[in-house]
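Asker: This structure is in structure tokens; I'll ask about it shortly.
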Amino acid sequence: MIRVVLIDDIKNSRVTLADDLKTYCPEVHILGEADSVKSGIELIKTAKPDIVFLDIELTDGTGFDILDGFDKVEFKIIFITGLDSYGIKAIKFSALDYLLKPVDPEELVNAIDKYKENERQHDLKANVDYLLENINSIKPKFKRIALSSASKVNMVNIDDIIRCEAQSNYTLFYLSGGEQILVTKSLKEYENLLEEYSFMRVHHAHLINLNYLKEYIKTDGGYAIMTDRSNVPVSVRKRDHLLKELGL
């Protein structure tokens, strides 16, 4: 049984979400509901849920104010939001989950399934703090990204990422200092997040930071040599795009 609480200041939104959970996610048990920062903090502390469905905009503050009330965030957070694209990107860069209003039942089921795949939650306080940093930033681009491995969250400078490699449904990050981090998300998700930071998908299994590209070898099917001396295959379909990015 998965224990959840719903925090939203709009009653109809809570009723709809509760009905969807009962209909599509029978393994979920709703422990309670709250409609404000104060009642939300009290509910979480009393109920000790596995998952908190958290609206961002509340009448007496925000969902972030609720999370600031905890020294540790050891429950999974699923934001229910109508944020703009910048706000959504901030959530993604912080390695946290969200559902857009109105909530799609299929996406709701996927969110619950994702929790079941990795029920043991680490402390998400660092993710929350980084999200606040991103939301409050006046700069159009983020400097760091949160990478969640099986055991911890790594806060990584985007400029330190040399390349990313698909490992089934996971992504292996190669960093400039030689460190490697295996992250529990697909390469496609990071392609979308990093494309405006000089990253390019040169192969179905490889995403490279063009700032670390040393050479492009045209023979043997075409491949990139990175500054860490790794060789990365370049697919025929991506070759012209890469050469165009290089101004060739």
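The values are calculated or read from the model by the stated rules, or taken from the named source; none is laboratory data. Note that the structure is predicted; figures quoted are calculated from it, not measured. Every residue, glycine among them, receives a Cβ derived from its backbone with ideal geometry; neighbour counts consider all protein chains shown.
Asker: Which residues, taken from the stretch 50-105, are polar (S, T, N, Q) and in contact with a helix residue (DSSP H, G or I) (Cβ under 8 Å, 6 or more places away or on another chain)? Reasoning before the result, please.
Answerer: Within the stretch 50-105, the first condition is being polar (S, T, N, Q), and the residues that meet it are 59, 62, 81, 85, 94.
Residues satisfying the conditions are Thr62, Thr81, Ser94.
Asker: So Leu194 ticks every box in (1) in contact with a helix residue (DSSP H, G or I) (Cβ under 9 Å, 6 or more places away or on another chain); (2) modelled with pLDDT under 90; (3) not β-branched (Val, Ile, Thr) but one. Which box is left unticked?
Answerer: Looking at each condition in turn, Leu194 falls short on (2).
Asker: Could you tell me whether Ser148 is touching a Ser or Thr at 6+ places or on another chain (Cβ under 8 Å) and either in contact (Cβ under 8 Å) with a residue 60 or more places away in the chain or within 22 Å of Ala126 (Cβ to Cβ) (or both)?
Answerer: On the way: touching a Ser or Thr at 6+ places or on another chain (Cβ under 8 Å): yes; either in contact (Cβ under 8 Å) with a residue 60 or more places away in the chain or within 22 Å of Ala126 (Cβ to Cβ) (or both): yes.
In short, yes.
Asker: Next question, about the same structure. Kindly indicate whether any position in the stretch 18-29 is at pLDDT 95 or above, part of a strand (DSSP E or B) and among the aromatic types (Phe, Trp, Tyr).
Answerer: No, the conditions are met nowhere in the stretch 18-29.
Asker: Of everything in the stretch 30-56 that's within 22 Å of the chain's Cα centre (by Cα) and assigned to a loop (DSSP other than H, G, I, E, B), which residue is modelled with the lowest pLDDT?
Answerer: Step one: list which residues in the stretch 30-56 are within 22 Å of the chain's Cα centre (by Cα), which gives 49-56.
Checking the rest, the ones that are also assigned to a loop (DSSP other than H, G, I, E, B) come to 49-50, 56.
On the way: Pro49: 96, Asp50: 95, Ile56: 85.
Among those that are within 22 Å of the chain's Cα centre (by Cα) and assigned to a loop (DSSP other than H, G, I, E, B), it is Ile56.
Asker: Further question on the same structure: Which count do you get for residues in the stretch 152-168 that are touching a helix residue (DSSP H, G or I) at 6+ places or on another chain (Cβ under 9 Å), more than 11 Å from Leu182 (Cβ to Cβ) and among the acidic types (Asp, Glu)?
Answerer: Of the residues in that region, 1 qualify.
Asker: Taking the stretch 57-74 as the search range and keeping residues that are acidic (Asp, Glu) and more than 17 Å from the chain's Cα centre (by Cα), which one is surrounded by the most Cβ atoms within 10 Å (Cβ to Cβ)?
Answerer: Per the criteria, the residue is Asp68.
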